[in-house]
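Just below is one structure, and these are the notes that go with it.
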Amino acid sequence: MLNDIPVRQVGGATVYLRDVAQVRDGFAVQTNMVHVEDALVAFSRAQATRAQLAAAVRADRRAAELAHQLYGQGLTDFLTVFDAERSLFTAQDTLAQSQEWMPRAYLAWG
(Lines give C-alpha, C1' and ligand atoms only; values in the text may rest on other atoms or scores of the structure.)
Protein backbone atom coordinates (compact mmCIF):
# COMPACT_ATOMS: atom_id res chain seq x y z
CA MET A 1 0.00 0.00 0.00
CA LEU A 2 0.98 3.63 0.33
CA ASN A 3 2.78 2.99 3.59
CA ASP A 4 5.29 0.80 1.79
CA ILE A 5 6.46 3.39 -0.73
CA PRO A 6 10.19 3.95 -0.18
CA VAL A 7 11.13 7.60 0.13
CA ARG A 8 14.92 7.39 0.36
CA GLN A 9 17.88 5.34 1.56
CA VAL A 10 19.63 6.65 4.64
CA GLY A 11 22.79 4.89 5.82
CA GLY A 12 21.70 1.61 4.28
CA ALA A 13 18.20 1.79 5.80
CA THR A 14 15.08 2.53 3.78
CA VAL A 15 12.80 5.32 4.94
CA TYR A 16 9.19 4.64 3.96
CA LEU A 17 6.31 7.04 3.43
CA ARG A 18 4.66 5.90 6.66
CA ASP A 19 7.77 6.97 8.60
CA VAL A 20 7.76 10.44 7.06
CA ALA A 21 4.05 10.91 7.74
CA GLN A 22 4.32 9.81 11.35
CA VAL A 23 7.33 12.00 12.04
CA ARG A 24 5.70 14.98 10.32
CA ASP A 25 2.47 15.11 12.28
CA GLY A 26 1.95 11.85 14.12
CA PHE A 27 -0.58 10.42 11.67
CA ALA A 28 -0.32 7.48 9.32
CA VAL A 29 -0.33 8.08 5.55
CA GLN A 30 -3.96 7.04 5.13
CA THR A 31 -5.02 9.46 7.85
CA ASN A 32 -3.06 12.27 6.20
CA MET A 33 -4.75 11.48 2.88
CA VAL A 34 -8.15 11.72 4.56
CA HIS A 35 -7.17 15.10 6.04
CA VAL A 36 -6.11 16.38 2.61
CA GLU A 37 -9.23 15.00 0.95
CA ASP A 38 -11.47 16.62 3.58
CA ALA A 39 -9.67 19.93 3.14
CA LEU A 40 -10.04 19.73 -0.66
CA VAL A 41 -13.78 19.17 -0.29
CA ALA A 42 -14.06 22.11 2.11
CA PHE A 43 -12.08 24.36 -0.25
CA SER A 44 -14.20 23.30 -3.22
CA ARG A 45 -17.40 24.00 -1.29
CA ALA A 46 -16.09 27.39 -0.19
CA GLN A 47 -15.34 28.27 -3.83
CA ALA A 48 -18.83 27.18 -4.94
CA THR A 49 -20.48 29.12 -2.12
CA ARG A 50 -18.48 32.22 -2.96
CA ALA A 51 -19.52 31.98 -6.62
CA GLN A 52 -23.18 31.71 -5.58
CA LEU A 53 -22.82 34.70 -3.26
CA ALA A 54 -21.21 36.76 -6.03
CA ALA A 55 -24.14 35.89 -8.32
CA ALA A 56 -26.57 36.95 -5.59
CA VAL A 57 -24.78 40.30 -5.25
CA ARG A 58 -25.05 40.88 -9.01
CA ALA A 59 -28.76 40.04 -8.98
CA ASP A 60 -29.44 42.24 -5.94
CA ARG A 61 -27.48 45.11 -7.50
CA ARG A 62 -29.65 44.87 -10.61
CA ALA A 63 -32.82 44.75 -8.48
CA ALA A 64 -31.72 47.88 -6.61
CA GLU A 65 -31.01 49.67 -9.91
CA LEU A 66 -34.46 48.74 -11.21
CA ALA A 67 -36.11 49.85 -7.96
CA HIS A 68 -34.38 53.24 -8.27
CA GLN A 69 -35.56 53.58 -11.88
CA LEU A 70 -39.15 52.69 -10.97
CA TYR A 71 -39.09 55.11 -8.05
CA GLY A 72 -37.68 57.84 -10.30
CA GLN A 73 -40.58 57.31 -12.69
CA GLY A 74 -43.10 57.39 -9.86
CA LEU A 75 -44.07 53.75 -10.38
CA THR A 76 -43.16 52.48 -6.91
CA ASP A 77 -42.68 53.78 -3.39
CA PHE A 78 -39.40 54.35 -1.59
CA LEU A 79 -39.92 51.28 0.61
CA THR A 80 -39.28 49.13 -2.47
CA VAL A 81 -35.99 50.96 -3.04
CA PHE A 82 -35.09 50.61 0.62
CA ASP A 83 -35.81 46.85 0.61
CA ALA A 84 -33.79 46.33 -2.57
CA GLU A 85 -30.82 48.21 -1.13
CA ARG A 86 -31.08 46.32 2.16
CA SER A 87 -30.97 43.03 0.26
CA LEU A 88 -27.96 44.24 -1.73
CA PHE A 89 -26.05 45.33 1.37
CA THR A 90 -26.80 42.03 3.11
CA ALA A 91 -25.57 40.08 0.10
CA GLN A 92 -22.43 42.22 -0.14
CA ASP A 93 -21.73 41.71 3.56
CA THR A 94 -22.13 37.95 3.25
CA LEU A 95 -19.82 37.92 0.22
CA ALA A 96 -17.21 39.93 2.13
CA GLN A 97 -17.41 37.46 5.02
CA SER A 98 -16.92 34.60 2.58
CA GLN A 99 -13.59 36.13 1.55
CA GLU A 100 -12.46 35.24 5.06
CA TRP A 101 -13.52 31.59 4.59
CA MET A 102 -11.42 31.05 1.46
CA PRO A 103 -7.98 31.45 3.07
CA ARG A 104 -9.05 29.24 5.97
CA ALA A 105 -10.22 26.52 3.60
CA TYR A 106 -7.03 26.87 1.57
CA LEU A 107 -4.82 26.71 4.66
CA ALA A 108 -6.65 23.61 5.86
CA TRP A 109 -5.80 22.06 2.51
CA GLY A 110 -2.12 22.98 2.59
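The values are calculated or read from the model by the stated rules, or taken from the named source; none is laboratory data. Keep in mind that this is a model prediction, so the values were computed, not measured. Here Cβ is always computed from backbone atoms with ideal geometry, including for glycine, and neighbour counts include all displayed protein chains.
Structure values in brief
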{"quantity": "Neighbours by Cβ (under 9 Å, 6+ apart or cross-chain): first from the range 62-80, closer than 20 Å to Gln92 by Cβ and of a type in the set (Lys, Arg); second modelled with pLDDT under 95 and exposed (fewer than 11 other Cβ atoms within 10 Å of the Cβ)", "calculated": "none"}
{"quantity": "Number of positions in the range 70-85 that are loosely packed, with under 12 Cβ neighbours inside 10 Å and part of a helix (DSSP H, G or I)", "calculated": "3"}
